[in-house]
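Here the structure is laid out as structure tokens; the discussion comes afterwards.
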Amino acid sequence: MQQKRIKLKKIFDMKKLFLISVMVMLTVTAFGRKHNMENLTVVGDTIYYAENMMNVSDASEAAYYRLLMTAGKGAAKEDVFQDFYLNGNKKAEGGYSFIDLGNDNNTVLNGEVTTYYQNGKEKWHGKYRDGKRNGYFTLQMRDGSVAVVEYVNGQSKYDYFVVTHQDGTMEKRPMKELKSLL
């Protein structure tokens, strides 16, 4: 019985070490990520959206605005967007395959997308494929913690996400709490 406990403890310790290693790698890549939005060509007029993500005709009614651009050339050409808060700080940036000019809720994201808090600090980062989240998404929380969620074809792979606090402690939280953090 004692040997079985020791073996289970070793397995648990190995899983914990693996999970911590993954969290550290994700945190390092999130902070080391360089957003390359250089050499862009603006392809349309500025689009203004209200807080409810519906298009408005005038900046005085808007909560944010969007610029549509292309990056790269030839086969490497990508459609990208940059959203800005009215204070001029970036709200979001990334790739897309379809922009709904009337209702931003219907926009289809494609590729890496990053959102930002109003103060300009990174908030949420991950990759979309045909409008669905895919892979690891990181949420830089206001208290300095980092939350990580793994998505497969738009659905969370697990019924929880993992938060790594500044002191290195980790905790699982139910997915239903994630929306309140975004």
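Before moving on, here are some points about what is shown:
- Test: residue in region 130-143 that is touching a residue at least 24 places away in the same chain (Cβ under 8 Å) and under 21 Å from Asn106 (Cα atoms): yes
- Every condition in (1) in a loop (DSSP other than H, G, I, E, B); (2) without any contact (Cβ under 8 Å) to a residue 12 or more places away in the chain; (3) of a type in the set (Gly, Ala, Ser) holds for Ser60 except the one numbered (1).
- Subset of region 88-145 (residues that are part of a loop (DSSP other than H, G, I, E, B) and buried (at least 16 other Cβ atoms within 10 Å of the Cβ)): Ile99, Thr107, Ser145
- Residues (of a type in the set (D, E, K, R) and closer than 21 Å to Ser57 by Cβ) located in region 67-103: Asp83, Lys91, Asp100
- Pairing residues of region 144-155 that are closer than 12 Å to Gly168 by Cα and outside the structural domain of Ser180 (by TED's automatic domain parsing) with residues that are buried (at least 20 other Cβ atoms within 10 Å of the Cβ) and among the aliphatic types (A, V, I, L, M), at Cβ distances under 9 Å and at least 6 apart in sequence or on separate chains, gives no pairs at all.
- In this entry, Thr164 is excluded by the filter for residues that are among the polar types (S, T, N, Q) and either exposed (fewer than 15 other Cβ atoms within 10 Å of the Cβ) or in the same structural domain as Met54 (by TED's automatic domain parsing) (or both).
- Qualifying residue in region 27-48 (condition: at pLDDT 85 or above and hydrophobic (A, V, I, L, M, F, W, C)): yes
- Subset of region 111-170 (residues that are farther than 23 Å from Thr70 by Cα, of a type in the set (A, V, I, L, M) and under 11 Å from the mean Cα position of the chain (by Cα)): Leu139, Ala147, Val148, Val149
The values are calculated or read from the model by the stated rules, or taken from the named source; none is laboratory data. Please read all numbers here as calculations on a predicted model, not as lab measurements. Glycine also receives a Cβ, built like all others from the backbone with ideal geometry; neighbour counts cover every protein chain displayed.
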